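Novice: Attaching a single structure in structure tokens format; questions to follow.
The values are calculated or read from the model by the stated rules, or taken from the named source; none is laboratory data. What you see is a predicted model; the values in this text were computed from it and never measured. Cβ sites come from the backbone with ideal geometry, for glycine too, and all protein chains shown count toward neighbours.
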Amino acid sequence: MKTDSMNISLQTPIGTGKELPLLQVNQLSKTFGQRRAVDSVSFELYAGDVLAVVGESGSGKSTLLNCINSNIEFDGGEILYHSQSMGTVNMAELSEVQQRLIKRTEWGFVHQNPRDGLIMNVSAGANIGERLMSLGARHYGNIRSQAIESLREVEIDASRIDDFPMNFSGGMQQRLQIARNLVTHPRMILMDEPTSGLDVSVQAKLLDLLKQLTQRRGLAVVIVTHDLAVARLLASQMMVMQHGQVIEAGLTDQLLDDPQHPYTQLLVSSILQG
Amino acid sequence: MSMNTNPINSKFDSPILELKDVSKSFFLHQRSSSPFKVLENITFSVSAGECVALEGASGMGKSSILKMIHGNYKVSAGHIFIQHTENNYIDVAKGHARDILDLRTSCINYVSQFLRAIPRVGAFDLIKQEAIYFLQKVKRPQSHAVELPTLILSKQEIQDLDAKVEAILQKLQISPRLWHLPPSTFSGGEQQRINLAKSLINPKPLLLLDEPSASLDHDNTEIVIDLIHEARQCGTAILGIFHDADVKNKLMTRSISMHDFQPKP
């Protein structure tokens, strides 16, 4: 565990008029035993970008996301993040406290299963408030009003604030998980299959909500999904993964309408027409 | 920066769109081991205030040209320059995904044959969303922004947007009963008009039209012709595919034959 922070300033003098990437992933690798789960993956994410990571199960999508969020330690490469408080930092070189602070304030993580992202035996309001309190908020009235505001944003009726998430439907639990993430006004949200556990009508509602939220808030999003329709609807850019490698990346509609790589072609031609 | 505030202020003499030696090949890995060329030697340009019609039978690659310009299809070779700001062109063939996305929000309107709607969202909101994205682009100058501010629209701005959406829906004769229903439930002609409204609500320098009147009745076709004509007179550069000869003759200022772009055997 490293305790001292090292601020690596970005060397790349990006031409004038260009923006700075919020997140830069360089040559990221992770092996489990002999298997390369993530193999030299690189990409940049800018404010307002929504990037979908697609591929079949086992292609390394979720592992990639978990490495970025430092849920899993990676073995190669680096993750540079342009933080609000510290400038551009190399995530692996931050102390655990600093990492946690960034993850709690500037990032959000939406798990596929809302149970992994919520505390099931405390109220909805407390689930949201917990994130604020971990950052030092103590004024009960403020916390409650911010929680109500967050619930409203994800279209959960404020009257449900004192109910326990275990009494919520799957779709509501997922929205609550998103509200919990939004309350600290993150700049980047990582999502792991956020809609795949939901039935079709609930999924549509959540997708619409996510689309509007990301647009209005100007959020940068990395969304892992196996559903190409979800990618088309939400993401402007897309990365296709196979065996841990990125085999094709670019504009979402270009990749879906005119795929170049044999695997992407296979993936796109396998979509059922609804 | 005066960028994006008034999209249609380009000089009339410099082209808005310029294609140079563009070709397109498809490579279907499951079917064959070599690419097959569908288009080659595409060179032409479109200036502000022009309406250029692509002429040729089905299957000659008219839609493919529009898709390459919009970035849905990869350009196999050549260049497609689109005027981004005065004296500044972006080559869609070489541009990074973010450049193309930037072009789409600020410079290109593309009316495809099919409406891609968001489930659950009503027609009115769908069109309003488009207007908000555009406003957002104008309001958030992106240079050096690591963070985009949350977009908060004033009451007045929301009222103006609503009025704009209402006006275009009325002009396109979409019955107010339908405004708040999702367009996936609409008839073909209604969907097509929603698709047009989505584009025409934000005037941009380049308008790509893929059969804008395909499933419209006579009255609605006339309305659509008027709207497109109006856009052209405001200086929009238009490249279109029009199967209906009457529509084509009323709109086009020049035509380009697809025969010139077919690969030589």
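Novice: Take B:Ser33 and tell me if it is polar (S, T, N, Q) and more than 10 Å from every other protein chain (Cβ to nearest Cβ).
Specialist: Judged against the criteria, B:Ser33 is a match.
Novice: A:Gly129: closer than 25 Å to A:Leu210 by Cα, crowded, with 16+ Cβ neighbours inside 10 Å, out of contact with any strand residue (DSSP E or B) (no Cβ under 7 Å at 6 or more places or on another chain) and not charged (D, E, K, R), yes or no?
Specialist: Judged against the criteria, A:Gly129 is a match.
Novice: Looking only at region B:48-91, count every residue that is over 15 Å from the mean Cα position of the chain (by Cα), among the polar types (S, T, N, Q) and not in a loop (DSSP other than H, G, I, E, B) and tell me the total.
Specialist: Count: 2.
Novice: Anything in region A:235-264 that is within 7 Å of chain B (Cβ to nearest Cβ) and either in contact (Cβ under 8 Å) with a residue 40 or more places away in the chain or at negative phi (or both)? List them, or say none.
Specialist: A:Ser236, A:Gln237, A:Leu251, A:Asp253, A:Gln254, A:Asp257, A:Asp258, A:Gln260, A:Pro262
Novice: Being crowded, with 19+ Cβ neighbours inside 10 Å, in a helix (DSSP H, G or I), more than 9 Å from chain A (Cβ to nearest Cβ) and not aromatic (Phe, Trp, Tyr) narrows it down to one of B:Ile158, B:Ile127, B:Ile132, so name that one.
Specialist: Checking each option against the conditions leaves just B:Ile127.
Novice: So in region B:35-54, with the set limited to residues that are surrounded by 21 or more Cβ atoms within 10 Å (Cβ to Cβ) and small (Gly, Ala, Ser), which one is nearest to B:Glu86 (Cα to Cα)?
Specialist: Checking each candidate, the answer is B:Ala48.
Novice: Right, next: Please find, within region B:100-124, the residue that is farthest from A:Asp258 (Cα to Cα) out of those that are within 16 Å of the chain's Cα centre (by Cα) and in a helix (DSSP H, G or I).
Specialist: Among them, the one singled out is B:Ser106.
Novice: Still on this structure: I'd like the full set of residues that are within 18 Å of the chain's Cα centre (by Cα), over 16 Å from A:Thr195 (Cβ atoms) and not in a strand (DSSP E or B), limited to region A:235-251.
Specialist: Hit for region A:235-251 is A:Ser236, nothing else.
Novice: So, one more: Can you tell me which residues in region A:145-201 are at pLDDT 90 or above and of a type in the set (S, T, N, Q)?
Specialist: Hits for region A:145-201 are A:Ser145, A:Gln146, A:Ser150, A:Ser159, A:Asn167, A:Ser169, A:Gln173, A:Gln174, A:Gln177, A:Asn181, A:Thr184.
Novice: Scan region A:52-63 and give yes if some residue there is farther than 21 Å from A:Asp227 by Cα and either out of contact with any Gly (no Cβ under 9 Å at 6 or more places or on another chain) or surrounded by 22 or more Cβ atoms within 10 Å (Cβ to Cβ) (or both), otherwise no.
Specialist: Checked region A:52-63: no residue is farther than 21 Å from A:Asp227 by Cα and either out of contact with any Gly (no Cβ under 9 Å at 6 or more places or on another chain) or surrounded by 22 or more Cβ atoms within 10 Å (Cβ to Cβ) (or both).
Novice: Filter region A:69-123 for residues that are hydrophobic (A, V, I, L, M, F, W, C) and in a strand (DSSP E or B); which is nearest to A:Leu210 (Cα to Cα)?
Specialist: Residue satisfying both the conditions and the ranking: A:Val110.
Matching residues to (1) of a type in the set (Phe, Trp, Tyr); (2) facing chain B (nearest Cβ under 9 Å); (3) closer than 25 Å to B:Arg120 by Cα; (4) assigned to a helix (DSSP H, G or I):
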| site | (1), (2), (3), (4) |
| --- | --- |
| A:His226 | no, no, yes, no |
| A:Val230 | no, no, yes, yes |
| A:Leu233 | no, yes, yes, yes |
| A:Leu266 | no, yes, no, yes |
| A:Ile271 | no, no, yes, no |
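Novice: Only one of A:Ile72, A:Ile143 is under 17 Å from A:Ile178 (Cα atoms) and of a type in the set (A, V, I, L, M, F, W, C); which?
Specialist: It is A:Ile143.
Novice: Can B:Ile80 be described as modelled with pLDDT under 95, among the aliphatic types (A, V, I, L, M) and over 25 Å from B:Asn249 (Cβ atoms)?
Specialist: no
Novice: Pull up region B:233-257, narrow it to residues that are surrounded by fewer than 19 Cβ atoms within 10 Å (Cβ to Cβ) and in contact with a helix residue (DSSP H, G or I) (Cβ under 9 Å, 6 or more places away or on another chain), then point me to the one that is farthest from B:Leu208 (Cα to Cα).
Specialist: B:Asp246
Novice: Would you confirm whether any residue within region B:92-106 is touching a helix residue (DSSP H, G or I) at 6+ places or on another chain (Cβ under 7 Å), more than 11 Å from chain A (Cβ to nearest Cβ) and touching a residue at least 60 places away in the same chain (Cβ under 8 Å)?
Specialist: Scanning region B:92-106, I find at least one residue that is touching a helix residue (DSSP H, G or I) at 6+ places or on another chain (Cβ under 7 Å), more than 11 Å from chain A (Cβ to nearest Cβ) and touching a residue at least 60 places away in the same chain (Cβ under 8 Å), so the answer is yes.
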